[in-house]
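A.B. asks: The structure under discussion is supplied below as structure tokens; questions concerning it will follow.
Laboratory data are not the source of any read-out in this text; all were calculated from the coordinates shown. On a predicted model such as this, the values are computed, not experimentally measured, just so you know. Neighbour counts are summed over all protein chains in view; Cβ atoms, including those assigned to glycine, are modelled from backbone coordinates with ideal geometry.
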Amino acid sequence: MSNTAVIEVHDLRKEFRIGGPGTLKGAVAGAWRRLRGDTEAGRKAPFAALDGVNFSVAEGEVLGIIGHNGAGKSTLLKMLAGISAPTSGRVNVRGRVAPLIEVGAGLVGELTGRENVYLNGTILGMSRREIDRKFDEIVAFAELERFIDTPLKRYSSGMQVRLGFAIATAVDSQIVIVDEVLAVGDIAFQRKCYDRMQDLIYRQGRTILFVSHNVKEIERLSKRVLLLDHGRVAALGSPQEVCDLYFEQSHRKILEQADGGGRGSSHVQASGEIELESIETLDGKGQPCDSLPYAQPCTFRITLKLNEPIDLLEVEFGVHTMESLWLATCTSHSGLKLQELAPGRHVLDCRFDSMPFLPGVYGIRLHLGVGAANHGVFYGEHLARFAVSSGDAQLASVVRQGFVELAPSWDLVS
């Protein structure tokens, strides 16, 4: 990586006017009010999508850009790509830019795939000779050999996205600007996109700026990370440092969105025999808390209300991600027999000697079954949320991926 800056951003600001007339009727009505002397009609204060942004990117550097929705990430990329002009400030870009911002935006449905390769390639700055040379590579990468002479309007949305990505990444540019395009297509094609990005970074040494909500992906690929918050630079530094700050902000936001008991937007199916009153998260000292230290004792206290006698109850306790990916399950059957339970309130403690999950925010699912057949009378997901924090600096720097730290034994056998 060279020390020469190929992108320089100085005091960048981008404003949008909001609340303006959305129709011809609204524009005419506003003009009429102004003619009558109402000079403030329809005037709204501008909204600053970006404000006071400063940074530079060296040749061959990979800069990841993260932030919550509305932080200004896409607006920034569009200005770097020359698609949008700043309200004030300067953007200096040295080198040819390949913007992967709206993949396939230049594709035309009435044209064939072949014609679209030449049209879109030209829009992205490729010469006819360059497109001729790379045509077979583009078609093969998009996996469209059989359909390249078919009108694009007959392509599925996935086929169109594959073609758009293949064209955009074939451009011989010094700088590649990427906005959430590594998640295009099916799983197999996403793998190809990721491999293509690694090729651009590690073999070709391109300068890359990319936005993604997949922070683990940002952390893996980036040399530095820029965190935007409400249009301003909140942090700029090492991937670990900045991503940890972003995770901390995200975890706090998720927990704040939950109501008093940590309950979020739950999904419940119940037949009425048993009601869930609450799930509490307790630390190793038995005190309620929002965040559990990794690898420390903890308890989940479950309060149930039985509306009728229950001869036999089995509780299945599970943990999932915020995206509803199941991670682990345990049942009361392995350590406790819940028999002959009278109507009324019952409190159960599910204890762990060591919190097994890595730092993050997780959700709780619960299944309640009755009788010898374990007939389900209650099932719910996202019933409560809890955070896991890292109290160990070594863990924070070493364990960066996944949800659970493996603890194998190692031997040198040769």
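A.B. asks: In degrees from 0 to 90, rounded to the nearest 10, what is the angle of the helix 24-35 Cα long axis to the longest principal axis of the chain?
C.D. replies: Value to nearest ten degrees: 70.
A.B. asks: Something else: What number, in percent, do you get for the relative contact order of the range 334-388 if the mean sequence gap of Cα pairs under 8 Å and at least 6 apart is divided by its residue count?
C.D. replies: On the way: 50 pairs, mean separation 17.4, N = 55.
Dividing the mean separation by the residue count of the range 334-388 yields 32 percent.
A.B. asks: Now for a separate question. How high is the relative contact order of the chain, in percent, counting Cα pairs under 8 Å that sit 6 or more residues apart?
C.D. replies: Values: 821 pairs, mean separation 57.5, N = 414.
Result for the chain is 14 percent.
A.B. asks: Another question, if that's okay. On average over all directions, what projected area in square nanometres does the range 252-380 have, based on the convex hull of its Cα atoms?
C.D. replies: Values: hull surface 31.7 nm².
Result: a mean projected hull area of 7.9 nm².
A.B. asks: In whole Hz and in residue order, list the ³J(HN,Hα) couplings for the range 124-132 that follow from phi through the Karplus curve 6.51 cos²θ - 1.76 cosθ + 1.60, θ = phi - 60°; x for Gly and Pro.
C.D. replies: 7, x, 8, 7, 4, 5, 5, 5, 4
A.B. asks: Please state, as a whole number in µm²/s, the translational diffusion coefficient that the Stokes-Einstein equation yields for the chain at 37 °C and 0.692 mPa s, with Rh defined as the Kirkwood radius across alpha carbon pairs. All intermediate terms of the calculation are to be shown ahead of the outcome.
C.D. replies: Values: Rh = 25.6 Å.
It comes out at roughly 128 µm²/s.
A.B. asks: Among D149, D229, D172, which one moves the most in a GNM of the chain with springs linking Cα atoms closer than 10 Å?
C.D. replies: Looking only at D149, D229, D172, the biggest GNM fluctuation is shown by D149.
A.B. asks: Further question: Considering only DSSP beta bridges whose two residues both sit in the range 267-396, what percent are antiparallel, to the nearest 5? Write out the running numbers ahead of the final one.
C.D. replies: Working: 48 of 51 bridges.
Among the beta bridges of the range 267-396, antiparallel pairing accounts for roughly 95 percent.
A.B. asks: Where does the charge balance sit around I131 when Lys and Arg score +1, Asp and Glu -1, over other residues with C-beta under 12 Å from its C-beta? Write out the running numbers ahead of the final one.
C.D. replies: Working: positive: R114, R128, R129, R133, K134; negative: E115, E130, D132, D136, E137, D172.
Taking every Cβ under 12 Å from that of I131, the sum is -1.
A.B. asks: Now for a different question. D for the range 41-184, whole µm²/s, Stokes-Einstein with Kirkwood Rh over alpha-carbon pairs at 20 °C and 1.002 mPa s: what number? Don't skip to the answer; put the middle values down first.
C.D. replies: Numbers: Rh = 16.9 Å.
Answer from the Stokes-Einstein relation: 127 µm²/s.
A.B. asks: Would you mind telling me the antiparallel percentage of the DSSP bridges in the chain, rounded to 5? Walk me through the intermediate numbers first.
C.D. replies: Values: 69 of 89 bridges.
For the chain, the DSSP antiparallel bridge percentage is about 80.
A.B. asks: List the relative contact order of the range 267-396 as a percent without decimals, with contacts defined as Cα pairs under 8 Å and 6+ residues apart.
C.D. replies: On the way: 316 pairs, mean separation 41.8, N = 130.
Here the relative contact order equals 32 percent.
A.B. asks: Checking the table K253/K305; K73/K192; K73/K253; K305/K337; K73/K216 against a 21 Å threshold on Cα-Cα, which pairs fail?
C.D. replies: Working: K253/K305 30 Å; K73/K192 24 Å; K73/K253 19 Å; K305/K337 18 Å; K73/K216 17 Å.
Result: K253/K305; K73/K192 exceed 21 Å.
A.B. asks: Still on this structure, please answer the following. What's the longest piece of the chain with no exposed trypsin sites (Lys or Arg not before Pro), counting a site as exposed if DSSP puts it in a loop and it has at most 11 other beta carbons within 10 Å? Please report the intermediate quantities before stating the final value.
C.D. replies: Values: sites that count: R36, K44, K285, K337.
The answer is 45-284.
A.B. asks: For the pair K337 and F352, how long in nm is the line joining their label points, each one 7 Å along Cα→Cβ?
C.D. replies: Result: 2.8 nm between the two label points.
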